[in-house]
């Protein structure tokens, strides 16, 4: 049985000599130099004729302690091929306690390790999203996407013994793209977002029997957490079930190097799906971590296109 690795500082294998903060779910953008190892000063040798013998005993003891420490390092290091590494896996290898790397102290921004249950915190991208009433953050998600979803679920219409959710929202950091603007990122992402939500999921299941058609219902610039972003919304029809609405929202992170962030929305159509204007409400609620005063810009700032 595997257990989740607790939040803490762990060696960053992509940057030797650096530790990176693991928030219990994902690697964040916070790094630091490794904490210095404690220095043990040997007791002074006693004076008198027994000094030479005492020095020899101290030296021998140091050799034994050094051997034990070396063995402990080898046993607790990252030599296990199954042990994941920073930026290459979802969980780190714990290396220490009590203020050392891997400790359970406060997060890098000073907030408690256990996040507010009313918000979805994406520390890697420096944002939070409000969790609406009747929604939850699942303990486990597919892939490396940070997700919240409706508490209510139902058996997927296109795949028996598989459960779907009327509404899901995920955040992700785009990779392997040449797109440099929020508009280009949203345009590049929307088809994949629709496929993942209503055509074929990450496990290859056709949960709604596949997408049979789509049309764009809205698009335009929007201010998100003080940054200018762009969103595209599609209405998709599916072989089974009511279909749904999918939206890709791209914007620069409000913190750090302002790397691009994508938020994906997938709401079932029909009376059982979340109200469509909840997408706009959630976009307005996106905040930089630690800042509750930044306004979003959905509403008059959003240009709707037919």
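Tell me, yes or no, whether region 244-254 has at least one residue that is more than 24 Å from residue 127 (Cα to Cα) and in contact with a strand residue (DSSP E or B) (Cβ under 8 Å, 6 or more places away or on another chain). For region 244-254, residues more than 24 Å from residue 127 (Cα to Cα) and in contact with a strand residue (DSSP E or B) (Cβ under 8 Å, 6 or more places away or on another chain): present. For region 155-174, a tally of residues being free of Cβ contacts under 8 Å to residues at least 40 places away in the same chain and assigned to a strand (DSSP E or B) returns 2.
Yes/no per residue for (1) assigned to a loop (DSSP other than H, G, I, E, B); (2) surrounded by 20 or more Cβ atoms within 10 Å (Cβ to Cβ); (3) touching a strand residue (DSSP E or B) at 6+ places or on another chain (Cβ under 8 Å); (4) modelled with pLDDT of 90 or more:
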| position | (1), (2), (3), (4) |
| --- | --- |
| 176 | yes, no, no, no |
| 187 | no, no, yes, yes |
| 208 | yes, yes, yes, yes |
| 228 | no, no, yes, yes |
| 235 | no, no, yes, yes |
| 240 | yes, no, no, yes |
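When 162, 170, 150 are screened for being touching a strand residue (DSSP E or B) at 6+ places or on another chain (Cβ under 6 Å) and either surrounded by fewer than 17 Cβ atoms within 10 Å (Cβ to Cβ) or closer than 20 Å to residue 288 by Cβ (or both), only 170 passes.
The values are calculated or read from the model by the stated rules, or taken from the named source; none is laboratory data. Source: prediction; values computed, not measured. Note: ideal-geometry Cβ built from the backbone for every residue, glycine included; neighbour counts use all protein chains shown.
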